[in-house]
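Taking it in order: structure first as structure tokens, then the write-up.
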Amino acid sequence: MEKEIIDKYQKAASTWKNAIAHARKIKEGTKLFDFAASIEKIITDEDCGNAFPINLSINEEAAHFTPTFDDTYELKEEDLLKIDIGVHFDGYICDGAISINLNNDHAKQIEANELALANAISVAEYGKEIDGVGKAIEETLKSKGFNPVYNLGGHGLEQWDIHSWPSLPNHSNSSTATLEEGAIAIEPFASTGEGFVNESPQVEIFSLNEGKNVRNMHARKLLTIAKEFKGLPFAERWLREKSDLSDFAITVGLKELMKADVFKSYPGLKEKSKAMVSQVEKSLLILEDKTIVLGE
Ligand code: CO
């Protein structure tokens, strides 16, 4: 990997680290909407971009939840909150997450989850089997009495592409593929239940399917705004902030864009058995001679 590209990943990583340090200070009663806006602003203030809307998923929610424009939820001390932040610099992404539980009811789960990530990182080296990562996650979590979330996993990070090759399951499979040079995100999810997530009806995160078009006037305005994100996921609340359309026009426009398959949606993902889910995630640069853990 060229030094110039490594430097861009490192720039994204240093901003991610700063954003996570702020996020860690979240207090009981914090309004998630305000929290999301403040963290996302830290990122843009440091001349980086949000690679996706901050994910704030609570308890049985595993991923893809971010405050809606009218969200009034305030954090409770017993909540198991996942804070997943993506930062990019010129499209080079650092993606990472922490879990927070203010009253420590779920401390063991978070600890097991962190150990699973550490064990996975320790086997993530150039030329090694990708399966080793999933195996480390699954074995660690099971040995501590938890299940991995089987249908969620890590992923490659290419410029402007948050989910590129390889996919990194949170469990062992029969693949013999090996790690190549590039950026990856390892993200074990631990569950107190079965370890499977389902899609929920709530959708707030979207991305653009390139090359498709739509006629509706409101939809076209939203499409123009959505193009600014260059294929990376964005939030409906971002479209609302950036457009001068009425709530009604936005609702109509969004419906059209979904129907015409111009917008791909990322529905909220919840544990099927309504069990508690935690998540921790780090991004890594796999280089031939070494692995760099971003944001450390
Ligand atoms: Co990720």
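The values are calculated or read from the model by the stated rules, or taken from the named source; none is laboratory data. All figures in this text were calculated on a predicted structure; none of them were measured in a lab. Using ideal geometry, Cβ is built from the backbone for each residue, glycine included, and neighbour counts are taken over all protein chains shown.
Quick test of your reading of the structure: LYS255 fulfils all but one of (1) outside any helix (DSSP H, G or I); (2) without any contact (Cβ under 8 Å) to a residue 40 or more places away in the chain. Name the failing condition by number.
(1)
Within region 257-277, does at least one residue satisfy the condition of being within 16 Å of the ligand (Cβ to nearest atom) and aliphatic (A, V, I, L, M)?
Yes, because at least one residue in region 257-277 is within 16 Å of the ligand (Cβ to nearest atom) and aliphatic (A, V, I, L, M).
Taking region 68-118, which residues are within 26 Å of GLY195 (Cβ to Cβ), of a type in the set (S, T, N, Q) and away from the ligand (no atom under 15 Å from the Cβ)?
Within region 68-118, ASN101, ASN103, ASN104, GLN109 qualify.
Among the numbered conditions (1) surrounded by fewer than 20 Cβ atoms within 10 Å (Cβ to Cβ); (2) under 20 Å from the mean Cα position of the chain (by Cα), tell me where LYS242 comes up short.
(2)
Taking LYS230 and the conditions (1) free of Cβ contacts under 8 Å to residues at least 60 places away in the same chain; (2) away from the ligand (no atom under 13 Å from the Cβ), which numbered condition does it fall short on, given that it satisfies the others?
With respect to (1) free of Cβ contacts under 8 Å to residues at least 60 places away in the same chain; (2) away from the ligand (no atom under 13 Å from the Cβ), LYS230 is out only on (1).
For ASP131, only one of the following conditions fails: (1) over 22 Å from GLU256 (Cβ atoms); (2) in contact (Cβ under 8 Å) with a residue 40 or more places away in the chain; (3) touching a strand residue (DSSP E or B) at 6+ places or on another chain (Cβ under 8 Å). What is its number?
Condition not satisfied by ASP131: (3).
When only residues in region 258-296 that are in a loop (DSSP other than H, G, I, E, B) and touching a helix residue (DSSP H, G or I) at 6+ places or on another chain (Cβ under 7 Å) count, which is farthest from TYR150 (Cα to Cα)?
Initially, region 258-296 is screened for residues in a loop (DSSP other than H, G, I, E, B), giving 260-262, 272-276, 280, 287-290, 294-296.
With the extra rule that they be touching a helix residue (DSSP H, G or I) at 6+ places or on another chain (Cβ under 7 Å), the set shrinks to 262, 276, 280, 294-295.
On the way: VAL262: 29, MET276: 14, VAL280: 15, LEU294: 25, GLY295: 26 Å.
Filtering region 258-296 for residues that are in a loop (DSSP other than H, G, I, E, B) and touching a helix residue (DSSP H, G or I) at 6+ places or on another chain (Cβ under 7 Å), the one farthest from TYR150 (Cα to Cα) comes out as VAL262.
Looking at ASN173, ASN119, which is the one that is modelled with pLDDT of 95 or more and in the same structural domain as LYS25 (by TED's automatic domain parsing)?
ASN119
Is it true that some residue in region 199-211 is exposed (fewer than 12 other Cβ atoms within 10 Å of the Cβ) and in contact with a strand residue (DSSP E or B) (Cβ under 9 Å, 6 or more places away or on another chain)?
Here is the first cut: in region 199-211, the ones exposed (fewer than 12 other Cβ atoms within 10 Å of the Cβ) are 201, 210-211.
Add one more test, that the residue is in contact with a strand residue (DSSP E or B) (Cβ under 9 Å, 6 or more places away or on another chain), and what stays is 201.
Yes, region 199-211 contains a residue that is exposed (fewer than 12 other Cβ atoms within 10 Å of the Cβ) and in contact with a strand residue (DSSP E or B) (Cβ under 9 Å, 6 or more places away or on another chain).
May I ask you to list the residues in region 126-135 that are more than 16 Å from ALA185 (Cβ to Cβ), touching a Ser or Thr at 6+ places or on another chain (Cβ under 7 Å) and part of a loop (DSSP other than H, G, I, E, B)?
Within region 126-135, GLY127, LYS128 qualify.
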